[in-house]
Ligand SMILES: NC(=O)c1ccc[n+]([C@@H]2O[C@H](COP(=O)([O-])OP(=O)(O)OC[C@H]3O[C@@H](n4cnc5c(N)ncnc54)[C@H](O)[C@@H]3O)[C@@H](O)[C@H]2O)c1
């Protein structure tokens, strides 16, 4: 079991889905978890963690706002002294064929998925450098490798960007003992994928092309992210961890 005792870990998009699952698992493994989201429901996640005996605090953070990132990192350092782990998890999915993607769609996808991840790295890296170590996990997707279903072009472009941004950060910050890896989930049961699970033909199609014959659960991804954040992953940086039930192996 991966332990995260004493680590201060900031999670974006922690109000629901995988971000909620990551936050709860990290707290179970001994971390102080800073749950952030632009959705105030994230406060309930931090409260649930505390009720279960863990350490957690909520902070409103829209990942597209550089001002909010600056204030959030200042708050974390003032209150907790350090940030050992950052999970750039917040993301959105817009699925349309290219001619139907509006510039507003494109901008929203790149603002949240790519700019949000970039701003997280930009503002947390100096704090990690000051403390002499750190681990960043950027949430890409199997859509960062392949166009896994129809209408994914713009989303794939964002997840491919995250995959390569990760390697750049990994190379630049390896000398400072800061690791940066990407995680590539397949289809995972969250509010983001509820439409696929509600539609029997889409659900059957996704299950049919996944070697393990099922959709994944958030906690199965949280375990992989926890490992990358932990000292057990001390020689891993710039790597891509795939958690897809064999989807991309087929
Ligand atoms: N669910 C999947 O099958 C799947 C597969 C591969 C990758 N992913 C990626 O995993 C991550 C989490 O996905 P999920 O399925 O849990 O999604 P979700 O929609 O269930 O949750 C996403 C969270 O991000 C938050 N968020 C959105 N925009 C934000 C912003 N501007 N600032 C702060 N928070 C914001 C939402 O409020 C929400 O709490 C995303 O990056 C997604 O692209 C999901």
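Output the number of the condition that residue 45 fails; it satisfies all remaining conditions of (1) outside any loop (DSSP other than H, G, I, E, B); (2) more than 10 Å from the ligand (Cβ to nearest atom).
Only one criterion is unmet by residue 45, namely (2).
Residue 24 - would you say it is within 16 Å of the ligand (Cβ to nearest atom), assigned to a loop (DSSP other than H, G, I, E, B) and modelled with pLDDT of 95 or more?
No; evaluated as a whole, the condition is false for this residue.
Tally time: how many residues in region 49-67 are more than 11 Å from the ligand (Cβ to nearest atom) and surrounded by fewer than 22 Cβ atoms within 10 Å (Cβ to Cβ)?
Residues that pass the stated criteria total 9.
Can you pull out the residues in region 1-48 that are surrounded by fewer than 22 Cβ atoms within 10 Å (Cβ to Cβ), closer than 14 Å to residue 91 by Cβ and in contact with a helix residue (DSSP H, G or I) (Cβ under 8 Å, 6 or more places away or on another chain)?
16, 17
Give the residue that is nearest to residue 128 (Cα to Cα), with candidates limited to residues of region 85-98 that are surrounded by fewer than 22 Cβ atoms within 10 Å (Cβ to Cβ) and away from the ligand (no atom under 11 Å from the Cβ).
It comes out as 95.
Condition check ((1) assigned to a loop (DSSP other than H, G, I, E, B); (2) touching a strand residue (DSSP E or B) at 6+ places or on another chain (Cβ under 6 Å)) across all residues:
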{"site": "73", "(1), (2)": "no, no"}
{"site": "78", "(1), (2)": "no, no"}
{"site": "83", "(1), (2)": "yes, yes"}
{"site": "106", "(1), (2)": "no, no"}
{"site": "114", "(1), (2)": "no, no"}
{"site": "120", "(1), (2)": "no, yes"}
{"site": "126", "(1), (2)": "no, no"}
{"site": "130", "(1), (2)": "no, no"}
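Looking at (1) within 16 Å of the ligand (Cβ to nearest atom); (2) over 18 Å from residue 35 (Cα atoms); (3) surrounded by 17 or more Cβ atoms within 10 Å (Cβ to Cβ), which one does residue 101 not meet, given that it meets all the others?
The failed condition is (1).
Got a sec? Which of 182, 201, 153, 143 is more than 10 Å from the ligand (Cβ to nearest atom) and either surrounded by 18 or more Cβ atoms within 10 Å (Cβ to Cβ) or closer than 30 Å to residue 78 by Cα (or both)? Before you say what the answer is, go through the steps one by one.
Values: 201 fails: either surrounded by 18 or more Cβ atoms within 10 Å (Cβ to Cβ) or closer than 30 Å to residue 78 by Cα (or both); 153 fails: either surrounded by 18 or more Cβ atoms within 10 Å (Cβ to Cβ) or closer than 30 Å to residue 78 by Cα (or both); 143 fails: more than 10 Å from the ligand (Cβ to nearest atom).
Going through 182, 201, 153, 143 in turn, just one is more than 10 Å from the ligand (Cβ to nearest atom) and either surrounded by 18 or more Cβ atoms within 10 Å (Cβ to Cβ) or closer than 30 Å to residue 78 by Cα (or both): 182.
Of all the residues that make up region 198-225, how many are assigned to a helix (DSSP H, G or I) and more than 21 Å from residue 242 (Cα to Cα)? Give the steps one after another, and end with the answer.
In the first step, residues of region 198-225 are kept if they are assigned to a helix (DSSP H, G or I); the result is 198, 200-208, 218-225.
Okay, now just the ones that are also more than 21 Å from residue 242 (Cα to Cα), so 198, 200-202, 204.
Looking only at that region, the number is 5.
The values are calculated or read from the model by the stated rules, or taken from the named source; none is laboratory data. Remember, predicted model here, so these are calculated numbers, not experimental data. All Cβ positions, even for glycine, are placed from backbone atoms using ideal geometry, and neighbour counts span all protein chains on display.
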